[in-house]
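Enquirer: Quick one: this structure, given as structure tokens, is what I'll be asking you about.
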Amino acid sequence: MEHQIHYTGAMDVRYQFRGALRFQREQLNCCHNGKVSLPPLQEYPENLRLFFDADGAEGSNFRQNIRNYNSAFAFASLGANIRPLPGRGPYCFRLQGQTYHYASNLHADDP
């Protein structure tokens, strides 16, 4: 079976209301035609910003592996006392007490 390659082009068209980038043939209703406005992003926490700005090996290593770090935290498992909601409806859950995130090492230990 032969796979076809589909190229959508560069994401280089700016949307008129908020300046978001989109593909040339992409049809969207971004920000409900300018009616929705999000607040500016907050600054990074100081300890995280230090890694981004560091000139040494530690900063370089962080920037080169940032996707790995993000993926590791994205796949952390959630631990909590989950209480089912009464009644019917779509699945959702309510957390009671403290929430925990369990994450393993980024790399397996060498034997």
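The values are calculated or read from the model by the stated rules, or taken from the named source; none is laboratory data. Everything numeric in this text was worked out from a predicted model, so none of it was measured. Neighbour counts are summed over all protein chains in view; Cβ atoms, including those assigned to glycine, are modelled from backbone coordinates with ideal geometry. The accessibility values were calculated without ligands, DNA or RNA, using every heavy atom of the protein model including side chains. Shrake-Rupley method; radii C 1.70, N 1.55, O 1.52, S 1.80 Å.
Enquirer: Does any residue in the range 1-14 that is among the charged types (D, E, K, R) come within less than 9 Å, Cβ to Cβ, of a residue that is open to solvent by less than 100 Å² (accessible area, probe 1.4 Å) six or more places away or on a different chain, and which pairs are these?
Expert: Asp12/Leu21; Asp12/Arg22; Asp12/Phe23; Arg14/Ala20; Arg14/Leu21; Arg14/Arg22
Enquirer: Same structure again: Which pairs have Cβ atoms under 6 Å, sit 6 or more apart or on different chains, and link a residue in the range 20-47 that is closer than 30 Å to Gly59 by Cα to one that is assigned to a loop (DSSP other than H, G, I, E, B) and open to solvent by 80 Å² or more (accessible area, probe 1.4 Å)?
Expert: Leu21/Met11
Enquirer: How about the range 1-80: which helices (runs of 4 or more DSSP H) wholly inside it have at least 3 residues that are open to solvent by 60 Å² or more (accessible area, probe 1.4 Å)?
Expert: Hits in the range 1-80: 46-53, 57-64, 66-74.
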